[in-house]
Amino acid sequence: MCADFLRKNFRMPCRLCRRCWKIFANNPTGSLVTIRCAPWYYRDKACLVGDAAHAVVPFYGQGMNAAFEDCVVLDECLEEFPENRERAFAEYFRRRKENADALADLAIGNFIEMRDKTASKTFRAKKKLDHALEAALPGIYLPLYTMVTFTRMPYAKAAKRAQIQDSLVYASLFLIAAILVAAMLWLFAS
């Protein structure tokens, strides 16, 4: 079955298709994991970056971006403390750890959202409201996915801002509903 798929879609010689199928069939399925460790360095000798320091599940597609950010920050720290590599490593860890942990939480949250919530009418309505608010308030209101994927905003800041925005949106909706109910009660009482 897989060999037929490979042959049809990739036009490989049959012998190669059978070999690919055997490799595929015998390859164990791996686990998706999140790695949170500390510290990311050992004295002035070694320093972890990217997935070695903070592997995340792939549900935001930000793992490589986070690794590049690590490289930029580590380079800045090494430049800032050229005579003290251990201090540079410690500063790099201090600057990046919060955002690496935030990305891990965001990626797991996005997986749960995709798995459990996308079929919900309430969820889809909230997404439409997010896009309407983004269009009505450009640069002021940004959906979480937009902040994480299309800006250079640090992950921890994006997560916090999304929580604040959601609180304001839900409080506003509650207030509007309360005003409508009060108005209806007032109309019916008159």
Matching residues in region 149-190 - criterion: being surrounded by 12 or more Cβ atoms within 10 Å (Cβ to Cβ), in a helix (DSSP H, G or I) and either without any contact (Cβ under 8 Å) to a residue 60 or more places away in the chain or touching a Cys at 6+ places or on another chain (Cβ under 8 Å) (or both)
A156, K157, A158, A159, K160, R161, A162, Q165, D166, L168, V169, L173
Condition check: in a helix (DSSP H, G or I), within 16 Å of A38 (Cα to Cα) and not assigned by TED's automatic domain parsing to the domain that holds Y155. Does D75 satisfy that?
no
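Keeping to region 86-125, report how many residues are in contact with a strand residue (DSSP E or B) (Cβ under 8 Å, 6 or more places away or on another chain) and surrounded by 16 or more Cβ atoms within 10 Å (Cβ to Cβ).
First, the residues of region 86-125 that are in contact with a strand residue (DSSP E or B) (Cβ under 8 Å, 6 or more places away or on another chain): 86, 89-90, 92-93.
Cutting the leftovers down to surrounded by 16 or more Cβ atoms within 10 Å (Cβ to Cβ) gives us 89-90, 92-93.
Matching residues across region 86-125 total 4.
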Going through (1) crowded, with 18+ Cβ neighbours inside 10 Å; (2) at pLDDT 95 or above; (3) of a type in the set (S, T, Y) one by one, Y60 fails only at (2)
Hey, T146 hits all of (1) surrounded by 12 or more Cβ atoms within 10 Å (Cβ to Cβ); (2) without any contact (Cβ under 8 Å) to a residue 24 or more places away in the chain; (3) more than 12 Å from the chain's Cα centre (by Cα) but one; which does it fall short on?
(3)
What about E98, is it acidic (D, E), under 21 Å from the mean Cα position of the chain (by Cα), under 20 Å from G63 (Cα atoms) and part of a helix (DSSP H, G or I)?
yes
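The values are calculated or read from the model by the stated rules, or taken from the named source; none is laboratory data. What you are looking at is a predicted structure, and each value in this text was computed from that prediction instead of being measured. When we count neighbours, we look across all protein chains shown, and the Cβ atoms used for this are built from the backbone with ideal geometry, even at glycine.
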